[in-house]
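Single-structure report; data block below.
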Ligand SMILES: Cc1ncc(COP(=O)(O)O)c(C=O)c1O
């Protein structure tokens, strides 16, 4: 069975999906060690236990370590297509099958693009995405893809209402880009070096449905156009990144709709200078994610994380032909 339910954001869709899977309380869910605190809290709020699996520097699981985990009490593994670059899904499917656990697919950094014979979001038992993050001009939007047989009742879902502040912010962003930019980059830049920058800021985990306007807009998304827009920006940023001694982590490929261009800086100082340059030139260059605070990060891991630099791929970026940093 394939069913899609439209919610107001990705966490809502995940929340509902976990209920559908009927994961046992106190069972363990395997999450990648690089994941935002919001995604961790969705599982913890369901009284599930979380165990983090290690990733290599290309954001791929270190399977030799995962295979060693004792499988007693594990109920699911989360596969995240980080930044919108697809994971090698066959390994995940094989692992889930071998351990007889659920595969939950997180495609919140992309859209359901078709690659070979599969579609992102439809690989796991359930899949989740978050078009509100990818498509400009949406008030809300997060979808649950139910890819297995399950009776679905909509009774307990609330409606999402757009508030005046968000409405005005969106209008400003769409129609008066320069004014929006002026306010966005006013003052001191956020401390992107902090691994907990936006942690604990979100408290609304309610399950709510999408608003009507956003739903209409999502139905008109053209995946090919989105790919072309992002591809062009990807290569502009790639040129800038290489001129300034950053190393790209992911390659652009046919059809991809990534949320970020991601590179590795030489060191922490270099990363800080890149963040500063972005802020001073009103260009978004950020870190990701804001971690779950109780998840203890080792110094070695943090040193690696502090070199990652993310460029959102839904912004304007100038043509740059010389070294700037
Ligand atoms: C990988 C990942 N999954 C899920 C979410 C949750 O998506 P949303 O912000 O739409 O609830 C986020 C972002 O917070 C994310 O980065």
Is there a residue being touching a helix residue (DSSP H, G or I) at 6+ places or on another chain (Cβ under 6 Å), within 30 Å of residue 167 (Cα to Cα) and within 15 Å of the ligand (Cβ to nearest atom) anywhere in segment 94-108? yes
Please go through segment 55-73 and give me each residue that is touching a strand residue (DSSP E or B) at 6+ places or on another chain (Cβ under 6 Å) and on the phi < 0 side of the Ramachandran plot, ordered by number. 55, 61, 66
When the residues of segment 284-312 are filtered to those that are in contact with a strand residue (DSSP E or B) (Cβ under 8 Å, 6 or more places away or on another chain), in a loop (DSSP other than H, G, I, E, B) and within 21 Å of residue 246 (Cβ to Cβ), which remaining residue is nearest to the ligand (Cβ to nearest atom)? 288
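Mind checking which residues of segment 63-91 are under 20 Å from the mean Cα position of the chain (by Cα) and more than 15 Å from the ligand (Cβ to nearest atom)?
88, 89 - these are the residues of segment 63-91 that are under 20 Å from the mean Cα position of the chain (by Cα) and more than 15 Å from the ligand (Cβ to nearest atom).
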Any residue that is closer than 23 Å to residue 248 by Cα and either within 12 Å of the ligand (Cβ to nearest atom) or not in a loop (DSSP other than H, G, I, E, B) (or both) - is there at least one of those in segment 128-143? yes
Against the definition (out of contact with any strand residue (DSSP E or B) (no Cβ under 6 Å at 6 or more places or on another chain), surrounded by fewer than 19 Cβ atoms within 10 Å (Cβ to Cβ) and in a helix (DSSP H, G or I)), how does residue 171 come out, yes or no? yes
Regarding residue 319, is this residue within 16 Å of the ligand (Cβ to nearest atom), surrounded by fewer than 19 Cβ atoms within 10 Å (Cβ to Cβ) and either in contact (Cβ under 8 Å) with a residue 60 or more places away in the chain or not in a loop (DSSP other than H, G, I, E, B) (or both)? no
Condition check: touching a strand residue (DSSP E or B) at 6+ places or on another chain (Cβ under 6 Å) and more than 16 Å from the ligand (Cβ to nearest atom). Does residue 29 satisfy that? no
Residue 34 vs (1) more than 22 Å from residue 87 (Cβ to Cβ); (2) in a loop (DSSP other than H, G, I, E, B); (3) touching a helix residue (DSSP H, G or I) at 6+ places or on another chain (Cβ under 8 Å): all pass except (1)
Within segment 32-54, of all residues that are over 24 Å from residue 147 (Cα atoms) and either touching a residue at least 40 places away in the same chain (Cβ under 8 Å) or within 13 Å of the ligand (Cβ to nearest atom) (or both), the one nearest to the chain's Cα centre (by Cα) is 36
Please specify each residue of segment 199-213 satisfying the condition of being out of contact with any helix residue (DSSP H, G or I) (no Cβ under 7 Å at 6 or more places or on another chain) and surrounded by 17 or more Cβ atoms within 10 Å (Cβ to Cβ). 209, 210, 211
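Going residue by residue through segment 5-12, is there one that turns out to be more than 10 Å from the ligand (Cβ to nearest atom) and either under 28 Å from residue 149 (Cα atoms) or in a strand (DSSP E or B) (or both)? Spell out how you get there, then give the answer.
Narrowing segment 5-12 to residues more than 10 Å from the ligand (Cβ to nearest atom): 5-6.
Still in the list and also either under 28 Å from residue 149 (Cα atoms) or in a strand (DSSP E or B) (or both): 5-6.
Within segment 5-12, one or more residues are more than 10 Å from the ligand (Cβ to nearest atom) and either under 28 Å from residue 149 (Cα atoms) or in a strand (DSSP E or B) (or both).
Throughout, read-outs are computed from the coordinates displayed, never taken from laboratory work. Note that the coordinates shown come from a computational prediction; the quantities given were computed from them, not determined experimentally. Glycine also receives a Cβ, built like all others from the backbone with ideal geometry; neighbour counts cover every protein chain displayed.
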